[in-house]
Structures are given as C-alpha cells and as structure tokens.
Amino acid sequence: MAKKILQGIPASVGIAIGKAYILTRDHDCIAPMQSISEELVDAELKRLKDAIDMTIANLKSLKSKIPAEHTEYSSIIDTHIMVLEDAKFYETIARYIKNMKLNAEWAIEKGIGDIERSFRDIEDEFFKTRISEIKFLGRKILNNLIGVDQEIKPILSRVILVAHELTPADTVEIDVSKIMAFVTSQGGKTSHVSIVARTLGIPAVVGIEDIDEIISDDQLVIVDGFTGTIIIEPDENEIVDYIEKQEKFEKYKRELYQERRVPAYTKDKCHIKVMANIEFFEEVTSVLEYNSDGIGLYRTEYSYLYKPHLPTEDELYEEYRDLLTIMSPRPVVIRTLDAGGDKIGKGFEKIEEANPAMGLRAIRFCLRNKDIFKTQIRAILRAAVSGNCFLLLPMISGLEELLEAKKVIECAKEELQREGKQFNYDLPIGIMIEVPSAVCVADALAKEVSFFSIGSNDLIQYSLGIDRTNKYVAHLFQPLHPAIIRGIKHTVDVAKQAGIQVTMCGEMAGDPFCVPILIGMGITTLSLSPNAAPGIKRMVRMLSYKECKELVDNVLKGKSVIENNRIVRQKIYDKIPEELQFYTSFFEKQ
Ligand code: PEP
Ligand code: MG
C-alpha cells in the first residue's frame, strides 16, 4: 500500500501513531417509502411516537453508563433528549403523516430534512454542527422504527478513529479510553469532535475530505494534531521522528500537569492571573482541575442556544449561583448574552440580516429585546450574592449603548428591591473592548465601568475588516498587526489612567507569541481555555516584565505585520524555544 500524506485542520494538539478503525454505520437502514390510507394515519403516528420514545430511552440508558467525570457528555445527551421531547420536533415529522399521508419512515426523512435545511441557511459553525446531530437523531429514530440493531461494532484495541463525522453521542457510545486520535472529514475547530478531543487531551485532525474512504481499517496512520498532517503507511524514518516528537510532548505535558498549582509570577515578581474561558457550566471541572485563577469569561449564550425554550430567570439564577458557589472565592465574570445575528435561540425574534456579524448582535440584540436582557440581568444580580461575581457587557461600541444597558441594570435592581429579593447591589460592571470605536472612546467608557475585558477575536475581526469565520481571509487575521497592538496598548493605558482593571479574554491570551506583548503592556489578567492554563503559566514564569516591556517598545515602532512577527518570534524563540516547538505550528494554522 502506498504512502499518502494528507492535510487537514489541526483541532487538538498531540501525536498519535496507530492502526485505523473506520467508523461505519453499516447497520443504517434504507427507509421504505410508502403512501398510506386515511385509516392508517393514527397507527402510523403511534409508530412514530413509539420510535421517538424508544430513542429517548436508549439515550437515557446511554447516559447512565457515562463515567461521572465526563459531565460534558451527559449534558450533550440531555440536549438530544430535550430535542426529542420537544413538541415542535414531533410535529415537524408528524405533519407529513397527517397532511400528506406518508408512512412514518418517509415522514422522518422529510421532517429531518426540513430541520436540516432551516439550520443550513444559518451561516454559523455552531448550527452546522447541530445539523449532524439532528441527522444522527433521525437515524436513531429510523433504526428504532424498523427494529435494526444500531450498536457501533466494539473497539477491541487502541485505535485511531476515522469517521466521516462524529456526533457527540457517537463519542459517548465509543469507549474513548481506546481512542488514540480522531480524524474526520467533517468539522471545524469549534465542532463537537474538536471540543471533546481537546477536553480529553486526544489529538484530532478534522476537515479531510472523504478520509473514511481513503483510509482502510488497520492501516498504519500518523496523526499530527499540531500541523493537521496525516501520514498513511508512513516509512520507518517518519515513524521514528514522530515517536520522538510524541515522547517529548508527553514528557512536556506531564511536567506541566505536575506544576499546574504553581502560580504565574514573572522573574521580576509580577503576578499574572491566568483565568479560564468557558462556554458550558460543566467545564467548571476542568477549571478546577487545571487550577485556573477564576473564570475570566463565561460565554452565557450557549445556555440559550441549547435549550428548546427561552431559559427562565430561575433556571439562569440556579446555573449562575451554582457556578459562583463552586468557584468561590475565585472570581467569575459572567458575560451577558452575545447572541443575535446568526446565533438565534429558541424564542428569539427571527430577523433577516445581510451582514449578521455587524448586525443585531450581543448588546444590540439585548437592547432591542429588553425583556430577555432584563431576565438575565436579574438572574445575575441575584446569583451574585453567592460568590465573587462580575458582570460583563459584550460589543459595546459607544457611550450611549453603555448608558442604556446600565439603565436596564438599574431598573432590574429597582424591581428586585421592590420584590424584596436578595441581590448584590454593588455588582461590578465591565465591558468588552472588541469594537474599534470602543478603543477610540475608551476614556469616556472607563468613567462608567469597573473593568475592561479585551476581546481580541472580534477586535481583530472588526479592526482589520476580516470575517473571523471566513477561511479565504484567515491569513489576514494577524494579532500582531500594528493597528491591533496600538489599539490594545491605548486601551490598557486608558484603563490604567482611570484606575480600572483590564483583562485579555480573546485568543491572544493563549497565544505564546502574544502573551509577552500583553504582559509588557501591563495586562495582569489573561483568560483562556482551562487546559491551556498550565502552559501559559509556565511561560509567564520564564519571562520578566522588564524584557516584555522592551519588546512592546520595539513592536510599537513596527510598521507592518511581517516586521512585528519577526521581532516577536525572534525574541521569543531565543528565550524559550522548547516551549514553542509544540505550539508554533498549531497557532500558525489558527
Ligand atoms: C472575543 O471577541 O475576543 C471574545 C472573547 O468573545 P467571542 O470570541 O465570544 O466573540
Ligand atoms: Mg467577541
């Protein structure tokens, strides 16, 4: 068999060398398509209902087998169960039986197709991921309807799992302790397989077209999760090289894990707090495991997008209260809903927008939907008595927006006071600095808030005019662009002058090439994904504030991206080359 080298998207770091196991669903059945007579409608509706109920029972039984430490899986299954229990889901399928007199199998095909199409029209990777889950649920119901055994064939030894796509529920059914790496045709950096792989610390490469047809069962494969390279049938030299790389990385990870409780002080004793960005409540376990100094960004929108209905104030209150209680006395920064545009939750007003990223997103959505906004604010204010809470407003572009948002917060406080409910009157309020106009008027904004949190992902997107999800302009997404560096420096200086805290919570906080610059500017709080914390903490310990400041002075004179990249890379490679060996290619491909 000839050697093949393929290139995909690196989704989770690490190296794996092993035999391929192709995940095929050869038990999937072909649905018989028939029209039915009026008299059979009720019987067919009952068949459909029974098959959905059986699928719910299957998922519940699956959930009961999940080890307690993998709570992230349980919550994914809960979401699937919620979808299946949603009356609208049932109706979308059932109407084909009632109105068009199709048999249940055909109705499932049609109904699932409708849901898929409505998700496909939304240009957002979050919804693209949901499509594969909806398809998966359709398949499960269909198999139950026809009575086909749909278990995945058992995995007997440690393998590299290759699949066209991998849904969260697939990853639950598979014994993950047997998986050395994931390789899939579908998916991007934020799809579930990537998130699960990163959480489990398993290397993953996604987005290689037809990979499940190119590789065969038992073929030897090398997966390089740093570069996204896959080598099928590697030669001996390649195997030796990769084993060496793998051993080095494993040793590096073991050391990092052992020192995860060591705080991040620079050589000249400057304390850098390394906090965590989370999207789901369940990630709090990783936050504690990796000993983050707190939660620097809780992206609350996912609680809305996953639920089949708008969350109630009490549901949100309980979620935030539990998070704050678990984390106390460490700080938790709760960001209000950054939805709208292309992230539409159930119960949200649907609006057609030509340019959603610049549309009714985040605070703009909230100020148009003040009832949804106020419900969340009330929940945060109430929960804030249970821990060290901070409230963060996203996408503020100017003073008017901030003042209007603050009015809603005041109104929520008055209501709670009138109702005699307990809440934190002095809850500190901060804003994301992620729109270029906010950088320009940072001095005016600083007078109104307790802290700034810089969102470099959007700040780069909006400053450089680059859609952060568009792969054709991804090469222009450059954190060290002089405009970005100057914008961040200005923001930090303004915050210092105003005497307020400033945090970096965008991806720059976890990028080894950016961390020295951020420290040199005087940023003392970084927020990044929980399991990246020990690596960044170690890096901080190898730097001094003084040398970082010198680096910033040099970079501020830089006129181009190339010049700045060169200055920083040269300096950082010289300082800590071994650290970056593992991460450079991964970050360069972001
Ligand atoms: C950012 O824009 O940098 C940020 C942290 O927010 P998000 O990635 O959720 O838009
Ligand atoms: Mg943002």
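The values are calculated or read from the model by the stated rules, or taken from the named source; none is laboratory data. Keep in mind the model is a prediction, meaning the values are calculated, not measured. We place every Cβ from the backbone using ideal geometry, glycine too, and count neighbours over all the protein chains shown. Accessible surface is based on the protein model in full, side chains and every heavy atom, while ligands, DNA and RNA are left aside. Shrake-Rupley method; radii C 1.70, N 1.55, O 1.52, S 1.80 Å.
Restricting the stretch 491-507 to residues that are surrounded by 16 or more Cβ atoms within 10 Å (Cβ to Cβ) and assigned to a helix (DSSP H, G or I) leaves a set whose member that is farthest from ligand 2 (Cβ to nearest atom) is 498. Of all the residues in the stretch 359-414, those that are part of a helix (DSSP H, G or I) and either within 16 Å of ligand 2 (Cβ to nearest atom) or of a type in the set (A, V, I, L, M, F, W, C) (or both) number 24. So which residues in the stretch 417-460 are among the β-branched types (Val, Ile, Thr), in contact (Cβ under 8 Å) with a residue 40 or more places away in the chain and away from ligand 1 (no atom under 12 Å from the Cβ)? Hits for the stretch 417-460 are 439, 441, 449. Residues in the stretch 93-131 that are at pLDDT below 90 and of a type in the set (Val, Ile, Thr) were compared, and the one that is farthest from residue 46 (Cα to Cα) is 122. Kindly indicate whether any position in the stretch 317-336 is away from ligand 2 (no atom under 16 Å from the Cβ), small (Gly, Ala, Ser), out of contact with any strand residue (DSSP E or B) (no Cβ under 7 Å at 6 or more places or on another chain) and farther than 25 Å from residue 367 by Cβ. Within the stretch 317-336 (the criterion being away from ligand 2 (no atom under 16 Å from the Cβ), small (Gly, Ala, Ser), out of contact with any strand residue (DSSP E or B) (no Cβ under 7 Å at 6 or more places or on another chain) and farther than 25 Å from residue 367 by Cβ), the answer is no, since none of the residues qualifies. What residue, among those in the stretch 461-490 that are under 12 Å from residue 439 (Cβ atoms) and within 13 Å of ligand 1 (Cβ to nearest atom), is surrounded by the fewest Cβ atoms within 10 Å (Cβ to Cβ)? Among residues in the stretch 461-490 that are under 12 Å from residue 439 (Cβ atoms) and within 13 Å of ligand 1 (Cβ to nearest atom), the one surrounded by the fewest Cβ atoms within 10 Å (Cβ to Cβ) is 463. Is it the case, given these coordinates, that residue 456 is under 23 Å from residue 562 (Cα atoms) and either loosely packed, with under 15 Cβ neighbours inside 10 Å or at pLDDT below 95 (or both)? Considered against the rule, which asks whether it is under 23 Å from residue 562 (Cα atoms) and either loosely packed, with under 15 Cβ neighbours inside 10 Å or at pLDDT below 95 (or both), residue 456 comes out as yes. Being of a type in the set (Ser, Thr, Tyr) and within 13 Å of ligand 2 (Cβ to nearest atom) is the filter here; which residues of the stretch 445-462 pass it? If the condition is that a residue be of a type in the set (Ser, Thr, Tyr) and within 13 Å of ligand 2 (Cβ to nearest atom), then 453, 456, 462 are the ones that fit. From the list 303, 292, exactly one residue is assigned by TED's automatic domain parsing to the domain that holds residue 503, buried (at least 18 other Cβ atoms within 10 Å of the Cβ) and more than 28 Å from residue 536 (Cα to Cα). Which is it? Of 303, 292, the one residue that is assigned by TED's automatic domain parsing to the domain that holds residue 503, buried (at least 18 other Cβ atoms within 10 Å of the Cβ) and more than 28 Å from residue 536 (Cα to Cα) is 303. Taking (1) over 30 Å from residue 184 (Cα atoms); (2) at pLDDT below 90 in turn, residue 13 satisfies each apart from (1).
In the stretch 526-564, the qualifying residues are those that are farther than 19 Å from residue 484 by Cβ and not in a helix (DSSP H, G or I), and the one that is least open to solvent (accessible area, probe 1.4 Å) is 543. Each residue in the stretch 424-444 was checked for being buried (at least 22 other Cβ atoms within 10 Å of the Cβ) and away from ligand 2 (no atom under 16 Å from the Cβ), and 1 of them qualify.
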